[in-house]
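Written below as structure tokens is the structure these notes are about.
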Amino acid sequence: MYLTASVKFLQAIGVTDFAVYGVQTDGPVVVLPAAILRGEDNSVWLFERLVEKLDISTPVGAWHYATILCRLAQNHAKKLEEKFEKVRDNLVRSLHKGDEVESWTLQRQREKLGHKVKQSRGRQ
């Protein structure tokens, strides 16, 4: 759920087609699930099954985990910065105009969709 919220937040500021990663642990076993929001069809793709498991209790597993995190910090963060630079001016303009960028929050979704939920419950 946090990954979905992360990509929806990025969408709210204008960044789509960018993967975000999470960490799931079960004792010393670590997996790195991912999510991406495709801008062309506005769908969130979650990758949580069949991802590689790393056992960080072993030296090799800890090394692999550390190198993955380093690559994400070095390479992936730069790509996010580049994508953000492309949308920065539009974001600043919309914030100065008072446009909302909080449409991704649960509270805003409830406010926006609340009347529709009440209508659909009344039809049952």
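Per-structure values
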{"quantity": "Residue within region 11-26 that is part of a helix (DSSP H, G or I) and modelled with pLDDT of 90 or more present", "calculated": "no"}
{"quantity": "Residues satisfying the stated conditions in region 27-47, i.e. assigned to a loop (DSSP other than H, G, I, E, B) and at pLDDT below 90", "calculated": "39, 40, 41, 42"}
{"quantity": "Odd one out for residue 5 among (1) modelled with pLDDT of 90 or more; (2) under 12 Å from the mean Cα position of the chain (by Cα); (3) of a type in the set (Gly, Ala, Ser)", "calculated": "(1)"}
{"quantity": "Single residue of region 48-61 satisfying the filter (in a loop (DSSP other than H, G, I, E, B) and charged (D, E, K, R)) that is nearest to the chain's Cα centre (by Cα)", "calculated": "48"}
{"quantity": "Breaking point among (1) surrounded by fewer than 16 Cβ atoms within 10 Å (Cβ to Cβ); (2) under 25 Å from residue 106 (Cβ atoms); (3) modelled with pLDDT of 90 or more, for residue 74", "calculated": "(2)"}
{"quantity": "Candidates 97, 83, 79 - the one that is closer than 30 Å to residue 111 by Cβ, charged (D, E, K, R) and in contact (Cβ under 8 Å) with a residue 40 or more places away in the chain", "calculated": "83"}
{"quantity": "Every residue from region 14-30 that is more than 10 Å from the chain's Cα centre (by Cα), closer than 16 Å to residue 1 by Cβ and hydrophobic (A, V, I, L, M, F, W, C)", "calculated": "23"}
{"quantity": "Hey, residue 60 among the β-branched types (Val, Ile, Thr) and loosely packed, with under 11 Cβ neighbours inside 10 Å or not", "calculated": "yes"}
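This table checks each residue for (1) touching a residue at least 40 places away in the same chain (Cβ under 8 Å); (2) of a type in the set (A, V, I, L, M, F, W, C); (3) surrounded by 16 or more Cβ atoms within 10 Å (Cβ to Cβ).
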{"residue": "3", "(1), (2), (3)": "yes, yes, yes"}
{"residue": "8", "(1), (2), (3)": "yes, no, yes"}
{"residue": "15", "(1), (2), (3)": "yes, yes, yes"}
{"residue": "39", "(1), (2), (3)": "no, no, no"}
{"residue": "46", "(1), (2), (3)": "yes, yes, no"}
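The values are calculated or read from the model by the stated rules, or taken from the named source; none is laboratory data. The structure presented is a predicted model; accordingly, all values stated were derived computationally and were not measured. With ideal geometry, Cβ positions are generated from the backbone for all residues, glycine too; neighbour counts draw on all protein chains shown.
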